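A.B. asks: Dumping the structure here so I can ask a few things about it.
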Amino acid sequence: MQEHAGNIVFIEDDPHIRKLVKGALEQEGFIVHEATSARAGIVEAGTRKPDLVILDLGLPDMDGKAVITELRSWSSVPIVILSARTQESEKVEALDAGADDYLVKPFGMPELLARMRAQLRRHARGAARDGSTGRYRLGEVLVDLPARSVSRNGEPLHLTQIEYRLLSTLLRDAGRVITHRQLLVAGWGPSHVDDHHYLRIYMQRLRQKLERDATQPVHIVTEIGVGYRLAEVAGE
Ligand code: CA
């Protein structure tokens, strides 16, 4: 018997996927509470005190975005969504509504477990954030949010206001997928949510400043058609 890895609410109407995922998670020491509809899932999430929710977007009774909006109205529990390839736009809406990560079906169990663990760690970090220094290291680059300074190997690195706003948005939620819309709002404001070309240009500039090799980014990771995710970040 493994130690208790966490309490999971798993909302999925497909019995085959449910069985497969539940078995794999239980083997890893998770306790899994299943729900086969959105309504039942919301009730489970409210009563089981889950550490994480796995949510299939293709449920019979409600659309995924509405489920997330409802969960987010009272809970900050990490939400990992499962989507079919045909639900591309719905997936982005789900992330905009506050989901933390997504997997496209069919997915491998190691991938699901890795994503879940990343979200559980991120959430634990968030809970401990009161003790955080606000300083982060990305390879050779040190970001000091309280001092509003960025340096590379001790040399000051100049970021424009917009670059800094984009970077601090990614940093505050390191490990989480931040959608194009969320980044555009953070960088330029809500009237620019469709200006995707701005974002492309600025993310490229940020990569040139922060990455060792901007053509092989390891920190600012592209989530195709969705947004960006900050990876390989350590607290100082
Ligand atoms: Ca489904």
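None of the figures in this text is laboratory data; all of them are computed from the coordinates on show. Just so we're clear, the structure is a prediction, and the values are computed from it rather than from any experiment. Using ideal geometry, Cβ is built from the backbone for each residue, glycine included, and neighbour counts are taken over all protein chains shown.
A.B. asks: From the list LEU171, LEU183, which one is under 25 Å from ALA124 (Cα atoms), out of contact with any helix residue (DSSP H, G or I) (no Cβ under 9 Å at 6 or more places or on another chain), not in a loop (DSSP other than H, G, I, E, B) and not basic (Lys, Arg)?
C.D. replies: One residue alone meets the criteria, LEU171.
A.B. asks: Hey, LEU59 hits all of (1) aliphatic (A, V, I, L, M); (2) assigned to a helix (DSSP H, G or I); (3) within 11 Å of the ligand (Cβ to nearest atom) but one; which does it fall short on?
C.D. replies: Failing condition for LEU59: (2).
A.B. asks: Is at least one residue of region 86-102 without any contact (Cβ under 8 Å) to a residue 24 or more places away in the chain, in a loop (DSSP other than H, G, I, E, B) and either away from the ligand (no atom under 13 Å from the Cβ) or in contact with a helix residue (DSSP H, G or I) (Cβ under 8 Å, 6 or more places away or on another chain) (or both)?
C.D. replies: So far as region 86-102 goes, no, none of its residues is without any contact (Cβ under 8 Å) to a residue 24 or more places away in the chain, in a loop (DSSP other than H, G, I, E, B) and either away from the ligand (no atom under 13 Å from the Cβ) or in contact with a helix residue (DSSP H, G or I) (Cβ under 8 Å, 6 or more places away or on another chain) (or both).
A.B. asks: Another one. Return yes when ARG152 is within 15 Å of the chain's Cα centre (by Cα) and surrounded by fewer than 16 Cβ atoms within 10 Å (Cβ to Cβ) and no when it is not.
C.D. replies: no
A.B. asks: How many residues does region 186-226 contain that are outside any helix (DSSP H, G or I) and on the phi < 0 side of the Ramachandran plot?
C.D. replies: Final tally of qualifying residues: 18.
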